[in-house]
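To start, the structure under review is shown below, and the notes come after it.
The values are calculated or read from the model by the stated rules, or taken from the named source; none is laboratory data. None of these values were measured; they are calculated from a predicted model. Virtual Cβ from ideal backbone geometry, glycine too; neighbours counted across all protein chains shown.
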Amino acid sequence: MAESLLSTIPGTRDLLPDELDRWHLVEDRTRDIFARYGFQEIRTPIIEATELFARGIGDDTDIVGKEMYTFRDQSGKSITLRPEATASVVRAYLQHSMHREAGATRLYYVGPMFRHEKKQKGRWRQFFQVGAEILGSDHPAIEAETVEMVLALIGSLGIQSRLQINSVGCPNCRPAYLERLRAELRGDPAAFCEDCRRRTETNPLRVLDCKVEACQPRINRLPMMIDHLCSDCAGHFQRFKSYLSGADIPFEVVPRLVRGLDYYVRTAFEIVSGDLGAQNALAGGGRYDGLAEVLGGPPTHGFGFALGLDRLIMLLPASLGDESIAKPDLFLAHIGEEALRKAIELARQLRRKGLRCCLEFEGGSLKRQMRMANRINARHTLIIGGEELAKGLYKVRRMSSSEQREISPDHLADYLLGRE
Ligand code: HAM
């Protein structure tokens, strides 16, 4: 039987008006804070050539191997719904020759990403990220400043989180380390699960991220990249840590922290929250100096992160944002045709002055209309009946206190705007 047409595809959901008030609050806060750090918004397409992600993220990753929504379009071209936006931003940066401009380019994005992952709390197949990318700088201070910016955003929303950092080395020091790691893994296959044994050959760094209980004791004894960095990587990591300390940002070095995308070199980080359960990463990112070249561009330094908005919003304190939620300023209740016409005219005048006004054209009893005013959380209700029309004064009720006043049309806007 066909799946019901009246339900969303598993792993996707509708965001309803009541929830979106909180999303708007977070998005507004993001734009405000990111602008303070000099970031400008970029919007790239949701569909891109499959090859962009396959090459950018890496063929051996879970994302490219199992999770992408890929299809052929009418012309036979392989298209993918973006599973992340870093590869897209780097493509746009190169396509529009931003690399020819002086200095670092700071870009941010907000939007949906798509991954066909196993369903779990905090994990969606369409989810939203805000992310930021800095192209054209390899300074560790820019990394610390960017981490400071994400933490400022998360902290400003009243959410507790922890910063975890690591260095995943570079093309100078990583190959030798990977050989060492492989040798250990091959030497003790019985200690590892099937996935780890496969990854030994394809992507051994990912073994460090295995969650299977039985593998943990042996994984903890494996050599770690952080102990095998070349002197340049070690120096870079040292400076990154000192800039974090200079900004009073606490951090934990987690040698097992490897990211699920292949483009990282040197600095990698995650911001986690204990309140999220198994999917505890709120944000993740790092340096990706080789990515532009992999995509066919010139050597370009890159650093960035993405923050999961669905997870962030799950953690928002319930009280947050109530005062900034876009409630209507006024609901206009009316009794009779003449009152309806007056209400329509008043609403039009007040909207021109910037007030949010609502009325129900069907009208009905006053009781029914008051129920409607409550349902939409109007701050005030105005009542127009025969008596009010005759006097030219309207009863206005402040819904929070039930205080009621008679107000002339000339003073209405000032009263609603709190100026009287
Ligand atoms: P990522 O670690 O794959 O990194 O994703 C970043 C964040 O997106 C995660 O920490 C999580 O909060 C959220 N997220 C990921 N998958 C899901 C999902 N299925 N459901 C809900 N939330 C999810 C990246 O995407 C990189 N592009 C980050 C980056 C930018 N690195 C450098 N620049």
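Observations, loosely collected:
- Among the candidates Pro217, Pro171, the residue that is assigned to a loop (DSSP other than H, G, I, E, B), away from the ligand (no atom under 16 Å from the Cβ) and not hydroxyl-bearing (Ser, Thr, Tyr) is uniquely Pro171.
- Odd one out for Ile313, checked against (1) touching a helix residue (DSSP H, G or I) at 6+ places or on another chain (Cβ under 8 Å); (2) under 30 Å from Asp138 (Cα atoms); (3) not in a strand (DSSP E or B): (2)
- Out of Val168, Val130, sole residue that is crowded, with 21+ Cβ neighbours inside 10 Å, within 15 Å of Val258 (Cβ to Cβ) and assigned by TED's automatic domain parsing to the domain that holds Thr105: Val168
- Single condition Glu345 does not satisfy, out of (1) without any contact (Cβ under 8 Å) to a residue 24 or more places away in the chain; (2) touching an Asp or Glu at 6+ places or on another chain (Cβ under 7 Å): (2)
- Restricting attention to the range 360-399, the residues that are assigned to a loop (DSSP other than H, G, I, E, B) and β-branched (Val, Ile, Thr) total 1.
- Screening Leu107 on (1) in a loop (DSSP other than H, G, I, E, B); (2) within 17 Å of Arg43 (Cβ to Cβ) shows it passes everything except condition (1).
- On inspection, Ile33 passes the criterion of being within 17 Å of the chain's Cα centre (by Cα), away from the ligand (no atom under 16 Å from the Cβ) and hydrophobic (A, V, I, L, M, F, W, C).
- Single unsatisfied condition, Ser156 versus (1) touching a residue at least 40 places away in the same chain (Cβ under 8 Å); (2) surrounded by 16 or more Cβ atoms within 10 Å (Cβ to Cβ); (3) more than 14 Å from the ligand (Cβ to nearest atom): (2)
To keep it simple, each residue is scored yes or no on (1) within 17 Å of the chain's Cα centre (by Cα); (2) within 16 Å of Gly296 (Cβ to Cβ); (3) in contact (Cβ under 8 Å) with a residue 60 or more places away in the chain.
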site: Asp62; (1), (2), (3): no, no, yes
site: Lys66; (1), (2), (3): no, no, no
site: Asp73; (1), (2), (3): no, no, no
site: Lys77; (1), (2), (3): no, no, no
site: Ala102; (1), (2), (3): no, no, no
site: Glu117; (1), (2), (3): no, no, yes
site: Arg123; (1), (2), (3): yes, no, yes
site: Gln126; (1), (2), (3): yes, no, yes
site: Gly131; (1), (2), (3): yes, no, yes
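- Taken together, the residues in the range 404-420 that are surrounded by 10 or more Cβ atoms within 10 Å (Cβ to Cβ) and in a loop (DSSP other than H, G, I, E, B) amount to 3.
- Looking only at residues of the range 41-59 that are assigned to a strand (DSSP E or B) and either within 16 Å of the ligand (Cβ to nearest atom) or in contact with an Asp or Glu (Cβ under 6 Å, 6 or more places away or on another chain) (or both), we find that the one that is nearest to Arg198 (Cα to Cα) is Glu48.
- Set Leu320, Leu315: member being surrounded by fewer than 23 Cβ atoms within 10 Å (Cβ to Cβ) and within 14 Å of the ligand (Cβ to nearest atom): Leu315
- Residue in the range 60-86 that is nearest to the ligand (Cβ to nearest atom), counting only those that are outside any strand (DSSP E or B) and of a type in the set (Ser, Thr, Tyr): Thr86
- Residues of the range 255-278 satisfying the condition of being within 9 Å of the ligand (Cβ to nearest atom) and out of contact with any Leu (no Cβ under 8 Å at 6 or more places or on another chain): Arg259, Gly260, Leu261, Tyr264
- Ala343 being at pLDDT 90 or above and either closer than 30 Å to Ser137 by Cβ or assigned to a helix (DSSP H, G or I) (or both): yes
- Options Ala373, Ala390, Ala347; residue that is of a type in the set (A, V, I, L, M, F, W, C), assigned by TED's automatic domain parsing to the domain that holds Ser408, over 30 Å from Gln279 (Cβ atoms) and under 34 Å from the mean Cα position of the chain (by Cα): Ala373
- Yes/no for Leu257 being in contact (Cβ under 8 Å) with a residue 12 or more places away in the chain, assigned by TED's automatic domain parsing to the domain that holds Gly38 and either farther than 19 Å from Val147 by Cα or not in a helix (DSSP H, G or I) (or both): yes
- Of all residues in the range 279-298, those satisfying the criterion of being assigned to a loop (DSSP other than H, G, I, E, B) and within 12 Å of the ligand (Cβ to nearest atom) are Gln279, Asn280, Tyr288, Asp289.
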